[in-house]
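Since the structure comes first, as structure tokens, the remarks are kept for the end.
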Amino acid sequence: MENFPVINLDNLNGEERKATLDQIEDACQNWGFFELVNHGIPLELLDTVERLTKEHYRKCMENRFKEAVASKALEVEVKDMDWESTFFLRHLPTSNISEIPDLCQEYRDAMKEFAKKLEELAEELLDLLCENLGLEKGYLKNAFYGSKGPNFGTKVANYPACPKPELVKGLRAHTDAGGIILLLQDDKVSGLQLLKDDQWVDVPPMRHSIVVNLGDQIEVITNGRYKSVEHRVVARTDGTRMSVASFYNPANDAVIYPAPALLEKEAQETEQVYPKFVFEDYMKLYATLKFQPKEPRFQAIKAVNSF
């Protein structure tokens, strides 16, 4: 198995730009995931977010989680729950950080600053994808924009040590419904895996890196040139794994469809195989079908959409 793709964004600024873009293209086509270093987010900010996330879990979430799973004896395999403790922050189009209980002011401030940096990085990455795809700069951002701008939010998760990891998943296998996902993950406790060539491959923990993966909407807009990839979190016996995953998604009313320029460019080889739909309609389907294969979702949205 070839090495998991690690991309140094510093190399975009010199004569290695073309090689770096090629690395990103290969990762988007063949992995659906890649890891970024020298991404421009201050390392002290990453350390602060990690420290405060772990402190918040210990102070506010750990006992709740233990109480919630106390009734789960884990005597047989459990397929309808995930061994995770989570909360969600919304950044765009409006923020709810001030409304989340139990967050200290330092944590609120750090997450606001982190979200702003991630938003900038997501939009930079979308433009790099446009460059590789031969689309005009800003195409993907505009495709996501709708009437109020993109949806952008963060799932803060901790995956506690599990006494019987063979009986439950930290997070069941799925693809992500949205656009582009940026993850700050624990640099010591692993557990995230992606499916490549019918094998589960570890996404390696790496200090100060940002893991990027592509969601279903990128697959649709690129007409399948880039794929969203199934991934999961395996439960572990050894320690709690932190995950701060931020989702840069289309607006609810954004209309998603394969980019016409890509269809024209590949007309000899490719016909439009993905449907046209409103993102909010897709999310309603996804809510009930998240842990099932994505292909039936695309078929179902094709059957119900109004285009």
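Here, each number is a calculation from the coordinates, and none is a lab measurement. Source: prediction; values computed, not measured. Every residue, glycine among them, receives a Cβ derived from its backbone with ideal geometry; neighbour counts consider all protein chains shown.
Label sites at VAL255 and CYS104, each approximated as a point 7 angstrom past Cα along Cα to Cβ, lie 5.0 nm apart.
Which of rounded, prolate or oblate describes the range 1-91 when judged by the alpha-carbon gyration tensor and an a/c cut-off of 1.5?
Working: a/c = 3.92, a/b = 1.81, b/c = 2.17.
Oblate is the answer for the range 1-91, as a/c is 1.5 or above yet b/c matches or exceeds a/b.
The translational diffusion coefficient of the chain, from Stokes-Einstein at 37 °C and 0.692 mPa s with a Kirkwood hydrodynamic radius over alpha carbon pairs, comes to 162 µm²/s. Length gained on full extension, GLU77 to ASP238, computed as 0.36 nm times the residue gap minus the Cα-Cα distance: 56.0 nm. Using the Cβ-Cβ distance between LYS302 and GLU44 with R0 = 41 Å, the FRET efficiency computed as 1/(1 + (r/R0)^6) comes to roughly 0.30. May I ask for the angle, rounded to the nearest 10°, between helix 17-30 and the longest principal axis of the chain, with both axes built from Cα atoms and the value confined to 0 to 90°? Once rounded, one gets 70 degrees. When only the Cβ of Lys, Arg, Asp and Glu is charged (+1, +1, -1, -1), the dipole of the range 6-305 relative to its Cα centre reaches about 940 debye. Entry note, the chain: the mean residue ellipticity at 222 nm calculated from DSSP H runs of n ≥ 4, each adding -39500 (n - 2.57), is -10500 deg cm²/dmol after division by the residues and rounding to the nearest 500. Local charge sum around ASP47 (other residues, Cβ-Cβ under 12 Å, Lys/Arg +1, Asp/Glu -1)? Result for the local shell: 0. Distance between the modelled labels on ARG51 and GLU166, one decimal in nanometres: 4.1 nm (7 Å Cα→Cβ projection).
Measuring max minus min along each principal axis, the C-alpha atoms of the range 185-307 give extents of 50, 31, 26 Å (largest first). Here the Karplus relation 6.51 cos²θ - 1.76 cosθ + 1.60, evaluated at θ = phi - 60°, turns the backbone of the range 115-128 into coupling constants of 4, 5, 5, 5, 4, 5, 5, 4, 6, 5, 5, 4, 5, 5 Hz, with x for every Gly and Pro. DSSP beta bridges fully contained in the chain are about 95 percent antiparallel. For ILE218, neighbours were defined as the other residues whose beta-carbon sits under 11 Å from its Cβ, and their charges (Lys and Arg +1, Asp and Glu -1) total -1.
Could you tell me which of the pairs LYS155/LYS188; LYS117/LYS276; LYS155/LYS284; LYS54/LYS79; LYS137/LYS227 are separated by over 25 angstrom between their Cα atoms in the structure shown?
Exceeds cut-off: LYS117/LYS276; LYS54/LYS79.
Which trypsin sites (Lys or Arg not before Pro) in the range 156-210 pass both tests, a DSSP loop state and at most 12 other beta-carbon atoms within 10 Å? Numbers along the way, then the final one.
Values: sites: LYS169, ARG172, LYS188, LYS196, ARG207; in loops: LYS188, ARG207.
Here the sparse-neighbourhood loop sites are LYS188, ARG207.
Across the range 160-165, rounded Karplus estimates of 3J(HN,Hα) from the backbone phi angles (6.51 cos²θ - 1.76 cosθ + 1.60, θ = phi - 60°) give x, 4, 10, x, 9, x Hz, Gly and Pro being marked x. With the simple model of a label 7 Å out from the Cα in the direction of the Cβ, ASP202 to SER147 spans 4.9 nm. In straight Cα distance, which aspartates and glutamates are under 15 Å from LYS164, not counting same-chain residues fewer than 8 positions off? List returned: GLU75, GLU77, ASP82, GLU84, ASP238.
Among the trypsin sites (Lys or Arg not before Pro) found in the range 70-152, those both in a DSSP coil and sparsely packed, with 14 or fewer other Cβ atoms within 10 Å of their Cβ, are LYS72, LYS79, LYS137, LYS148. When the GluC sites (Glu not before Pro) in the range 21-108 are filtered for DSSP coil states and for at most 11 other beta-carbon atoms within 10 Å of their beta-carbon, the remaining sites are GLU75, GLU77.
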